[in-house]
1. Using the Karplus equation 6.51 cos²θ - 1.76 cosθ + 1.60 (θ = phi - 60°), what ³J(HN,Hα) coupling, rounded to whole Hz, does each residue of the stretch B:361-373 give in order, writing x for Gly and Pro?
2. If I stretch the segment between B:GLU5 and B:LEU152 completely, what's the gain in nm (0.36 nm per residue apart, minus their alpha carbon distance), one decimal?
3. Could you check the simple spin-label distance between A:LEU100 and B:GLN130, using points 7 Å along Cα→Cβ, in nm with one decimal?
4. Any idea what the dipole of the protein assembly as shown comes to, in debye rounded to 20, about its Cα centre with Lys/Arg Cβ at +1 and Asp/Glu Cβ at -1?
5. Residues with beta-carbon under 15 Å from that of B:ASN124, excluding B:ASN124: net charge, scoring Lys, Arg +1 and Asp, Glu -1?
6. Tell me which aspartates and glutamates have Cα within less than 15 Å of B:LYS156's Cα, excluding those fewer than 8 residues away on the same chain?
7. Could you grab the relative contact order for chain B? Cα pairs under 8 Å, six or more apart, rounded to a whole percent.
8. Work through the residues other than B:ASP243 whose Cβ is under 13 Å from its Cβ and net out their charges, Lys, Arg +1 and Asp, Glu -1.
Amino acid sequence: MSFKNLDQLYRSVIMDHYKTPRNKGTIENDSINIEMNNPTCGDRIHLTLQVVDGIVKDAKFDGEGCSISMASASMMTQAVKGKDVDTALGLSKTFSDMMLGKDYDDSLDLGDIEALQGVSQFPARIKCATLAWKAMEKGVHEQQKS
Amino acid sequence: MINKEIKSYFPILDQEINGHPLVYLDSAATSQKPVQVIEALENYYKLDNSNVHRGVHTLGNRATEKYEGAREKVQKFINASSTEEVIFLRGTTTAINLVAQSYGRANVDEGDEIVITYMEHHSNIIPWQQLAKERGAILKYIELEEDGTISLEQVKAAITERTKIVSMVYVSNVLGTMNPVKEVARIAHEHGAVMVVDGAQAAPHLKIDVQQLDCDFFAFSGHKMVGPTGIGVLYGKKALLNDMEPVEFGGEMIDFVGLYDSTWKELPWKFEGGTPIIAGAVGLGAAIDFLSEIGLDEIEKHEHEMAAIAMEKMNGIEGLQIYGPKDPSKRAGIVTFNLNDVHPHDVATVLDMSGIAVRAGHHCAQPLMKWLEVSATARASFYLYNDESDIDRLTEGLRSAKEYFNDVF
């Protein structure tokens, strides 16, 4: 059986991030800790961020979940590392728009993230892809409040 | 009789999903509905809709007759001694919460024990967690055997003189295990505890006889047994229900309302505050007629067969692991599994692309997932409208999924 549709979802760059995740682990010192679950399916992410002077110096994740959620987490950490907080949040907005099938800001360099565009065709899987981004947003907002 | 004709009663099954004929293997989440149930709902709204137990007009009488007629059907279906023991509620969750909040609050004190098992659905865990926290009681879990069954030795070890409530699932929604609830009820009673049975996965598939089980409470949902969503039943022994206070107050459930005090209606209505789930009950009545005509014994036999065939064929797929009892006669038509390193969500997506609906996730049983040492699983669940060709489609789909992920990995 051929799965042409599936190839839109499981692009090779996604499977590469799933098999060899970037930034896997936890930052030990002085980091923002965010635990987030997807209660409907049991996906779980533990994200640690180090934000210094408004710049995301480091980002690492740990957790368990499907290929889409873990690959997305890997890509997200890669994308926000070294960016200022506003750019990171902007990327998150762009990603969310992309998932919802809206027109999105293509002025930002999405890099590998663009490979996740096919997820928008699979409504049941959008939550998998957005989990890590939601965790990042929560972490940044908590830090901004304190 | 279970035959090909049965499928034709379920209009939803006659469609293509992603270019393939639908194979629905998620009945443990919710079952599909036959035309007989759909028409009963339609006719109720077209011909008889009215509020019940009030007014003198003809429609009101007709709606009341239909609603109370459905209660009689439920009474016979589970062999309760009287209709007073049959309370219509939203579903199993609401039913267990009612027992916890009413019976539990009145009977469980500090240091008392509530005993459940590792294989409970969240709806048979959290109401007891909340009750235990509120009353300072102890929530205890019965250990499972390695194959996902419950041994009476473990039950005897868990239940003590301090145990006030034992609550257990009859058929596990993950492992498919059929538990010896009758024997457990006997042990509970020897220690002065009441026995609550979560029958959500049992009522659709087995003949239920609450008097023979001698359980004190039995909860189930209509939508898992070809009935509509939003209707469920709490059975309770009359003596217990009589002593219990309602947890919802308002219209329908009162006898007399004064300025500062009120009295309640008789059983079962004192637990049915507000306009009841009339259409839901009518639909459930039609579902019971449908299942009874086929025969619950037939349905149970069919499901054991489905489980046996599915397990045999799925075991032929390398790298596929099935959870729960190895012996198909110990389980209902539920087969939970994982496929190598492929995450169950990914398995479910590939199957969906082939028109096959299975569940993936934690199945509202996180403590059981922890016991199984997995974060999620995939689950195929069978019902009376499934046949061997559905199992063939499933195994074919699983082989494709495996191939697909071998290629992309």
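1. x, 9, 6, 6, 9, 4, x, 5, 4, 5, 5, 6, 6
2. Working it through step by step, the gained length comes to 48.8 nm.
3. Once both label points are built, they end up 3.2 nm from each other.
4. 360 debye
5. It works out to a net charge of -1.
6. Straight-distance partners of B:LYS156: B:GLU113, B:GLU143, B:GLU145, B:GLU183, B:GLU190.
7. Over chain B, the number comes to 23 percent.
8. Within the 13 Å Cβ shell, the charges total +2.
The values are calculated or read from the model by the stated rules, or taken from the named source; none is laboratory data. Please read all numbers here as calculations on a predicted model, not as lab measurements. All Cβ positions, glycine included, derive from the backbone under ideal geometry; neighbour counts span all protein chains shown. All accessible areas refer to the heavy atoms of the entire protein, side chains included, with ligands and DNA or RNA removed. Shrake-Rupley method; radii C 1.70, N 1.55, O 1.52, S 1.80 Å.
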